[in-house]
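Encoded as structure tokens, the structure appears first; notes follow it.
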Amino acid sequence: MPGKPGVEALEKALNDWIRVVRVQDRKRVEGLPKRLGRGEREAIALAVERGAVLLSDDRAARREAQRQGVKVTGLLGVLLIAKGRGVIPEVKPMLDELIAGGFRLAPDLHKSVLRGAGELRPEPESETEAKDRKN
């Protein structure tokens, strides 16, 4: 993975504060839908066991986690939390880098994230909107 965005930060996190833990209840893992990959099933089971938030951008895994009563967030939510806590100064440069690296993001969601981060510049008013506002 050398050269990929975020590799150094991930390696540092693994050394500093990320802990690897194993699921205790293997039956819970096996009881989750087989359409999910083993990693998604284990992550959901672990979130249930630990009362943790599931970090996933996989739509099927998120839906199943919610059915199991697990709160979920994705990468975009983590970026917003990081900005809110002052860990990163801006979300937009990170989004731009992710998109350049192949991360797919619908335009409406892109705007919504930037709005949530307080980084969306207001769009210029059209002449018609300006006239309507005056009347």
- [ ] Could you tell me whether the stretch 60-67 includes any residue that is of a type in the set (S, T, N, Q) and open to solvent by 70 Å² or more (accessible area, probe 1.4 Å)?
- [x] yes
- [ ] Could you tell me whether LEU36 is within 29 Å of GLY102 (Cβ to Cβ), in contact (Cβ under 8 Å) with a residue 12 or more places away in the chain and open to solvent by 100 Å² or more (accessible area, probe 1.4 Å)?
- [x] no
Open item on the list: Show the residue pairs meeting these rules: Cβ distance below 9 Å; 6+ apart or different chains; first residue within the stretch 110-135 and open to solvent by less than 100 Å² (accessible area, probe 1.4 Å); second residue assigned to a helix (DSSP H, G or I) and modelled with pLDDT under 65.
Closed with: GLU125/ARG133
Task: Residues (open to solvent by less than 60 Å² (accessible area, probe 1.4 Å) and either assigned to a helix (DSSP H, G or I) or of a type in the set (A, V, I, L, M) (or both)) located in the stretch 92-105 - done: LEU95, LEU98, LEU105
Open item on the list: For the stretch 1-80, give me every one of the helices (runs of 4 or more DSSP H) that falls completely inside it and has 1 or more residues that are modelled with pLDDT of 95 or more, farther than 28 Å from LEU109 by Cβ and not β-branched (Val, Ile, Thr).
Closed with: 26-31, 38-50
TODO: Take GLY86 and decide whether it is modelled with pLDDT under 95, at positive phi and open to solvent by less than 80 Å² (accessible area, probe 1.4 Å).
DONE: yes
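The values are calculated or read from the model by the stated rules, or taken from the named source; none is laboratory data. Fair warning: this is a prediction, and the values are worked out from it, not measured in the lab. All Cβ positions, even for glycine, are placed from backbone atoms using ideal geometry, and neighbour counts span all protein chains on display. With ligands, DNA and RNA removed, areas are computed over all heavy atoms of the protein, side chains included. Shrake-Rupley method; radii C 1.70, N 1.55, O 1.52, S 1.80 Å.
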